[in-house]
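The structure under discussion appears below in the form of structure tokens.
Nothing in this text is a laboratory measurement; each read-out follows from the coordinates by a stated rule. All values reported here derive from a predicted model rather than from experimental measurement. Please note: Cβ atoms are built from the backbone with ideal geometry, for glycine as well, and neighbour counts cover all protein chains shown.
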Amino acid sequence: MEIHGKRRRSTREVIEMHSRSRARAAAQPPFATITEKCERCGHGVQVGVQQGWRYGLRWSMSFHCRHCGRAYEADGKGSAPDDIRAAILQTGGTWDLVVPDGAASKTCIAKALRKALNLDLSQAAALLRKIPGVVTSGTEAEMRWLSQLVCAECGVGVVVVRSKSSSS
Ligand SMILES: [Zn+2]
């Protein structure tokens with residue numbers, strides 16, 4: 001998966017966020033939180049983080065410091081930065097993408113996933129060998145995004161389930 005930058009968000013990201021998807025992001029409650037220090041006053045703040053998949057895989061974050069009033073929002077496309085992803089996994093658990101037994105279009109599914117996950121040939125071959133069964137795991141949003149993509153490209157359903165090995 002494509003990893004987008006460090007979480008120290010640039011001004012550009014913040015401006016993009018404000019101009020583009022503020023209303024949409026604001027409509028969703030924060031899914032998970034990360035505790036950070038406010039850059040202006042040094043108090044601990046809860047940064048709300050979330051992922052979405054319906055318009056492509058995205059992540060977003062926002063906070064408002066109740067001590068000094070500093071606020072910001074940022075978002076990005078693709079896989080979330082590591083600490084945001086870790087917080088979402090901790091809150092929401094790990095989810096599996098399952099290709100059911102007897103699913104037609106194995107090659108189409110493997111091809112669609114290869115493209116989405118940026119896999120090289122050997123990784124794609126390994127994924128193909130996992131069919132039928134759990135082909136990949138991650139956050140719920142990541143798996144639903146992949147499932148939606150496979151459905152659109154191959155016309156077959158794959159299943160998203162809470163991972164049995166999920167610790168939370
Ligand atoms: Zn502050």
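Run the numbers for residue 164 and residue 111: contour at 0.36 nm per residue of separation, minus the present Cα-Cα distance, in nm.
So the extension gain works out to 16.5 nm.
Mind ordering 149-157, 54-62 by average Cβ neighbours within 10 Å, highest first?
Listed from highest to lowest mean packing, they are 54-62, 149-157.
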